[in-house]
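Asks: Structure in C-alpha cells, see below.
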Amino acid sequence: MILGNTYVYACPDCQLRVSKRSVRSGTRMGATHYSDLRIDAPSYPKIPQLTKCEACACIFWLDETTKVEGAIFSEPLLFYIDLDHIQEVQDEKKNPAFGDQLEIHPAKELDREGIKDALFMNVQRDHEDEHYLRRLLLWAYHEQLQDGTILREELNEDLDYLENIDALLHLLADENYDKDDDDDPHFFRAELHRYAGRFDQCMNILRFRYALQFWHPYVRKMKQQCRKRNRDAFVMN
Ligand SMILES: [Zn+2]
C-alpha cells in the first residue's frame, strides 16, 4: 500500500486543525470480508471520512468543504514550528495550515456514540451520506459483538441497533435505491432482516430474489444461519 499526501482540515465551528492521510494505491489482500459488507484489512489503514472536533465536539466531514487549501504534508509525517520562531511565524508568515496551533493531530474515527451523534445532528447531506453513517453504526455494533464488549442478548434488545437496521432497509428500498449502483442490494437487505431476527423475511428475499441462485454459497450460508436462528454476520471469504 502506498500512502498519499496528508491534508489538513479545519473544524467549521472553531477552526481546530486535524490531519488526514490519503491512500494513493493499495490492495486489501489478506482482508476478511463479512456478510455485513464490513472489510477487515489489517494492512490497510482506516481513514475517517468524518470526525468529531476535540475542542468543540462539532462533527464534520473531512472533505473539500473543510480542507485547508494548500496545506499538504508529505512524508515524514512531522508537524512542527521552530519554537524560537513562533512569534516570527505568527507575525510574518503565519501558516494557514496550522491556524493558531503548534501541532496538528490526525483526525480520529467516530466511535459508536459519535456515529449516533452525527446522525442525530443531521450531518448527512444526502442518502449516500446517511447510508455510509448507518453502515458504520451497524459495523460498530458488530465489532463490539466480536470483541466481546457487547453481548448478543444486549444487542437483541438494543432499540438503536434495530432502528438503524430499519433505516438502512428504508434506504435500500426500491424508491430510494440508486439503480446505477452496481451493488446488489437484496443480499444486504436479507442480511439486515436476519440481524434483526426476522428470519422469515430474510428467507422470503432469498427465495424470491435468488430463486435461480439457490446454489450460491452465500445464499446457502444465509439460509443455514436462518435455520439455526443465528443473527451474527458471517465471514464470506
Ligand atoms: Zn471545533
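Rule-based calculations on the coordinates, nothing more; no lab input. Quantities reported herein were computed from a predicted structural model and do not represent experimental measurements. Methodologically, a virtual Cβ is constructed for each residue, glycine included, from the backbone with ideal geometry; neighbour enumeration extends over all protein chains shown.
Asks: Which ordering of T51, T6 is given by a fewest-first count of other beta-carbon atoms within 10 Å?
Replies: With the sparsest Cβ surroundings first, the list reads T6, T51.
Asks: Take R28 and R229, extend 7 Å from each Cα along the Cα→Cβ direction, and tell me the distance between the two endpoints in nm.
Replies: The modelled label-to-label distance comes out at 3.3 nm.
Asks: What number, rounded to the nearest 500 deg cm²/dmol, is the helix-based mean residue ellipticity at 222 nm of the chain, given -39500 (n - 2.57) per DSSP H run of at least four residues and division by all its residues?
Replies: -11000 deg cm²/dmol
Asks: Could you go through segment 15-32 in sequence order and give the Karplus-derived ³J(HN,Hα) for each residue, using 6.51 cos²θ - 1.76 cosθ + 1.60 with θ = phi - 60°, rounded to whole Hz, and x for Gly and Pro?
Replies: Coupling constants for segment 15-32: 6, 4, 8, 9, 10, 8, 7, 10, 10, 7, 7, x, 10, 9, 4, x, 7, 9 Hz.
Asks: Given Cα pairs under 8 Å that are at least 6 residues apart, what percent is the relative contact order of segment 112-227?
Replies: The value is 16 percent.
Asks: Could you list which residues have their amide H under 5 Å from that of C58, counting only those 5 or more apart in sequence or on another chain, with H placed in the peptide plane?
Replies: C53
Asks: Sticking with this structure for a sec: In the chain, if every C-alpha pair distance is counted and binned at 10 Å from zero, what percent goes to each bin?
Replies: 7, 25, 30, 21, 11, 5, 2, 0
Asks: Sorted from fewest to most neighbouring beta carbons within 10 Å, what does the list Y9, Y210 look like?
Replies: Values: Y9 25, Y210 20.
Fewest to most other Cβ atoms nearby, the residues stand as Y210, Y9.
Asks: A further question on this structure: Residue by residue through segment 186-197, what is 3J(HN,Hα) from phi via Karplus (6.51 cos²θ - 1.76 cosθ + 1.60, θ = phi - 60°)? Round to whole Hz and write x for glycine and proline.
Replies: 6, 4, 5, 4, 4, 4, 4, 4, 5, 4, 7, x
Asks: Further question: Exposure proxy check: W215, W61 ranked by fewest other beta carbons within 10 Å?
Replies: Values: W215 8, W61 19.
Ranking W215, W61 by Cβ neighbours within 10 Å, fewest first, gives W215, W61.
Asks: Hey, what did the chain get for relative contact order, percent, Cα under 8 Å, at least 6 apart?
Replies: In percent, rounded to a whole number, it is 19.
Asks: Oh, and also: Figure the gain on full extension for C14 and L151 (residue separation times 0.36 nm, minus the Cα-Cα span) and round it to one decimal in nm. Walk me through the numbers on the way to the answer.
Replies: Numbers: separation 137, 0.36 × 137 = 49.32 nm, distance 3.80 nm.
Going from the current span to full extension adds 45.5 nm.
Asks: So, one more: Using a cut-off of 9 Å between beta-carbons, work out the net charge of the residues near G197 (Lys and Arg +1, Asp and Glu -1, G197 not included).
Replies: Charge balance near G197 sits at +4.
Asks: What do you get when you divide the Cα radius of gyration of segment 112-227 by 2.2 N^0.38 Å, with N the number of residues?
Replies: After normalising by residue count via 2.2 N^0.38 Å, the value is 1.11.
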